[in-house]
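Report on the following structure.
The values are calculated or read from the model by the stated rules, or taken from the named source; none is laboratory data. Keep in mind it's a predicted model, so treat the numbers as computed, not measured. Note: ideal-geometry Cβ built from the backbone for every residue, glycine included; neighbour counts use all protein chains shown.
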Amino acid sequence: MSNLRGEVDRLIRHMEEVGKIRPLDDTQKRARLIALRREYLTLLSAIEEAASHDSALATNSDLLRKLDKQLSLLRTTTALHKANWPVILSGGDEPAYKASADNLSRVNFEFIDWIEAHCLSK
């Protein structure tokens, strides 16, 4: 298994864990979500790093640019969600929070589908 495959699998497990946390009805869940939010950015960097060292991708600058664009979309969507919904202010059950979290989850799984189709199918 490639390192990139392993990092994408870590992201999938991460997203599954995030999805199980709601509602944020106790301090342990809030603390876990804060830790997961920090870990998330590390995961995205690990995916980027693994892609830059992947021999099949290293020679495909067009695909690496597209991957960078996909990662930028993830980081932007994440930053907006975190700015609008700090863990300390949200119970996780407000309709607007759910909509934002669901959108972030959708964008993540679209990224996973994209990277699997374009970068891992070779």
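Values computed for the structure shown
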item: Any hit, segment 36-48, residues being under 20 Å from D113 (Cβ atoms), among the acidic types (D, E) and free of Cβ contacts under 8 Å to residues at least 24 places away in the same chain; result: yes
item: Number of the condition not met by K122 [criteria: (1) in a helix (DSSP H, G or I); (2) at pLDDT below 90]; result: (1)
item: Hits in segment 1-39 (condition: of a type in the set (D, E) and either assigned to a helix (DSSP H, G or I) or crowded, with 17+ Cβ neighbours inside 10 Å (or both)); result: E7, D9, E16, E17, E39
item: Residues that are under 14 Å from I47 (Cα atoms) and among the hydroxyl-bearing types (S, T, Y), drawn from segment 57-73; result: S72
item: Pick from segment 75-122, criterion of a type in the set (S, T, N, Q) and over 30 Å from A58 (Cα atoms), ranking: farthest from the chain's Cα centre (by Cα); result: S90
item: Segment 15-35, residues that are under 19 Å from the mean Cα position of the chain (by Cα) and either of a type in the set (V, I, T) or within 17 Å of I115 (Cβ to Cβ) (or both); result: M15, E16, V18, I21, I34
item: Number of the condition not met by L74 [criteria: (1) assigned to a helix (DSSP H, G or I); (2) touching a Lys or Arg at 6+ places or on another chain (Cβ under 8 Å)]; result: (2)
item: Answer residue from segment 72-81, given it is surrounded by 13 or more Cβ atoms within 10 Å (Cβ to Cβ) and not aliphatic (A, V, I, L, M) and is farthest from H53 (Cα to Cα) among those; result: H81
item: Count - residues of segment 40-71 that are surrounded by 15 or more Cβ atoms within 10 Å (Cβ to Cβ) and either part of a helix (DSSP H, G or I) or at positive phi (or both); result: 15
item: Any hit, segment 93-109, residues being farther than 17 Å from I12 by Cα, touching a Ser or Thr at 6+ places or on another chain (Cβ under 7 Å) and assigned to a loop (DSSP other than H, G, I, E, B); result: no
